[in-house]
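Chemist: One structure, as structure tokens, below. Some questions next.
Coordinate-derived values only; no laboratory data. Please read these numbers as outputs of a predicted model, since none were measured by experiment. Cβ: placed from backbone, ideal geometry, glycine included. Neighbour counts: every protein chain shown.
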Amino acid sequence: MPFTLRINGKTHRVDVDDDTPLLWVLRDVLGMTGTKFGCGAALCGACTVHIDGVATRSCVTPIDSIGQSQVTTIEAIGMTPVGAKIQKAWLDREVVQCGYCQSGQIMSATALLTQNPHPSDADIDDAMSGNICRCGTYPRIREAIKLAAGTGG
């Protein structure tokens, strides 16, 4: 079935089954491999993208639910002011270890700071709780979020 999607400010036409997860459209059909597959059940956060600014797990989001919404992926998040701050803070705090989960972590952190520019530790914990880092870089993730928010780090 044909769908027209707005992704990272561009229009893309795809022909896939209506229940195809957004993750597979991004990765396999459009070649946007920055969004990662982790669990396939919305439990790990590796596949996080923004749909109309809301952090969303793309592995369980069927393509027919997107409609006219704007999808933003890790490939374009640095073009936003908050995304650019988060990416810089990630580098400044050397957050990345293996890096596999980091696109999802950055997408969740950007959504947090977009909605709450000065989050408390509890706000950070709540927003980031759905993102798993097997390397355990959680302290550096918190520091980077605070740095980007201008509240510490």
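Chemist: Hey, any hits in segment 27-34 for a residue that's within 23 Å of ARG134 (Cα to Cα) and in a helix (DSSP H, G or I)?
Modeler: Scanning segment 27-34 turns up at least one residue that is within 23 Å of ARG134 (Cα to Cα) and in a helix (DSSP H, G or I).
Chemist: Okay, moving on. From the set of residues in segment 133-153 that are touching a Cys at 6+ places or on another chain (Cβ under 9 Å) and free of Cβ contacts under 8 Å to residues at least 40 places away in the same chain, which is surrounded by the most Cβ atoms within 10 Å (Cβ to Cβ)?
Modeler: Among them, the one singled out is CYS133.
Chemist: Show the residue pairs meeting these rules: Cβ distance below 8 Å; 6+ apart or different chains; first residue within segment 1-16 and closer than 18 Å to ALA76 by Cβ; second residue among the small types (Gly, Ala, Ser).
Modeler: Sorted first by the residue in segment 1-16, then by its partner, the pairs are ARG6/SER69; ASN8/ALA76; GLY9/ALA76.
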